[in-house]
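Asks: Below is one structure. I have some questions about it.
The values are calculated or read from the model by the stated rules, or taken from the named source; none is laboratory data. What you see is a predicted model, and the numbers here were worked out from it, not measured in a lab. As a convention, Cβ positions derive from the backbone with ideal geometry for all residues, glycine included, and neighbour counts pool all protein chains shown.
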């Protein structure tokens with residue numbers, strides 16, 4: 001059991017009694033499945049499951065009927081293997097969507113389909129290891145830590161990730177933004193790839209145009225892939241609440257997309273857009289790992305991509321729904337979290353998470369997670385999002401991730417319980433002290449990953 005000490009040392013995987021150490025993404029998915037068996041008892045504010053939106057689900061149901069009513073379409077989907085790259089008509093539709101959204105010169109042979117975005121990342125790591133050979137250890141730079149929980153254990157131990165802690169910059173009352181710390185990034189030694197999510201998971205923060213441009217140029221100069229995770233970004237599902245910066249085309253860019261956050265997580269459809277040579281190598285790894293990707297997701301979505309209906313669904317339904325739910329969640333935080341204590345929310349530019357920072361929390365974020373879970377509220381402890389060599393050892397225990405992809409009553413009840421729990425766990429302190437608690441933790445970082 002994790003103690004309540006604010007200075008206890010946690011590994012990426014927290015010990016849980018006599019059980020083996022828990023992998024962060026495993027714990028998240030286990031929590032995500034439990035409420036399905038007892039939904040009335042749990043406020044599920046953890047996990048990354050998309051909301052069930054009736055207008056969106058009506059489209060999926062209609063497409064299933066169309067597939068079933070087509071003379072041979074259903075049988076082709078369930079009775080035949082797809083090519084290791086995925087069905088050609090879906091590859092064409094994705095390439096057209098990316099051309100329209102970003103102006104990239106991509107065609108069918110730039111695209112490969114995988115069994116979910118997590119599988120896509122696993123294949124990409126194998127591809128990078130293949131490029132490194134046996135002569136040296138793979139190193140993947142995370143330029144904006146905290147970063148997605150699901151990457152952490154993809155490559156086993158020792159971790160190939162090298163993390164650079166982002167700077168917390170105040171943007172208003174109870175708001176801040178994680179900003180890339182170029183001074184820390186510049187001193188990191190050679191690496192084999194750069195990986196970043198935008199909108200960020202867990203923060204919901206979009207990369208700024210200048211940050212995206214500099215990372216792209218850096219990848220070109222270093223001759224390494226820049227892996228952009230757009231699981232929540234454009235061209236779909238495009239759950240973003242402000243203007244998105246242009247994404248420059250480069251042969252070094254690897255764009256990762258998914259159908260999950262559209263509302264189709266059960267179909268496990270991931271997509272990678274990259275150079276034809278890299279896509280072909282990923283397709284080979286696809287055949288080795290899974291024989292072929294599933295065909296149902298592409299079958300449902302292909303006509304919607306071609307007709308423009310998917311773009312309208314994202315713009316007119318998904319984005320407004322999540323924006324409204326975000327605003328309600330923020331209002332609930334103001335209503336129920338202690339008004340006389342120090343807490344902040346990362347600027348929520350997109351996705352469907354709120355990233356909360358408690359600089360004066362007197363227990364670890366993992367103990368807060370355990371206390372809330374015992375009261376029927378599930379969140380995600382922030383420590384899981386700080387990983388990789390060079391990642392800080394103290395700052396990570398002051399954050400939590402909260403999902404607002406839930407009905408109003410669940411959101412309100414869960415945040416109310418969170419606020420009540422925090423009453424006795426937050427010390428009262430001035431907002432954004434001259435020395436930031438996160439900045440203090442960066443001074444002792446070893447940025448060279450040794």
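Asks: From the list 106, 98, 56, pick out the single residue that is surrounded by 18 or more Cβ atoms within 10 Å (Cβ to Cβ) and under 16 Å from residue 264 (Cα atoms).
Replies: Exactly one residue qualifies, and that residue is 56.
Asks: Let me ask something else about it. Residues of region 220-233 being surrounded by fewer than 22 Cβ atoms within 10 Å (Cβ to Cβ) and either in contact (Cβ under 8 Å) with a residue 40 or more places away in the chain or assigned to a helix (DSSP H, G or I) (or both), which ones?
Replies: 220, 221, 222
Condition check ((1) assigned by TED's automatic domain parsing to the domain that holds residue 201; (2) part of a helix (DSSP H, G or I); (3) more than 23 Å from residue 182 (Cα to Cα); (4) in contact (Cβ under 8 Å) with a residue 60 or more places away in the chain) across all residues:
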residue: 105; (1), (2), (3), (4): yes, no, yes, yes
residue: 112; (1), (2), (3), (4): yes, no, yes, yes
residue: 118; (1), (2), (3), (4): yes, yes, yes, yes
residue: 127; (1), (2), (3), (4): yes, yes, yes, yes
residue: 137; (1), (2), (3), (4): yes, no, yes, no
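Asks: Take the conditions in contact with a strand residue (DSSP E or B) (Cβ under 8 Å, 6 or more places away or on another chain) and more than 25 Å from residue 384 (Cα to Cα) and apply them to residue 202. Does it pass?
Replies: So residue 202 fails the test.
Asks: Among the listed residues 349, 340, 334, which satisfies the condition of being over 21 Å from the mean Cα position of the chain (by Cα) and modelled with pLDDT of 95 or more?
Replies: 334 is the lone residue from the list that is over 21 Å from the mean Cα position of the chain (by Cα) and modelled with pLDDT of 95 or more.
Asks: A further question follows. Given the criterion outside the structural domain of residue 139 (by TED's automatic domain parsing), within 21 Å of the chain's Cα centre (by Cα) and over 21 Å from residue 123 (Cβ atoms), identify the matching residue among 320, 246, 234.
Replies: 320
Asks: I've got another one for you. Quick one: residue 76 ticks every box in (1) within 20 Å of residue 271 (Cα to Cα); (2) modelled with pLDDT under 95; (3) surrounded by fewer than 20 Cβ atoms within 10 Å (Cβ to Cβ) except a single one, so which number is it?
Replies: Failing condition for residue 76: (1).
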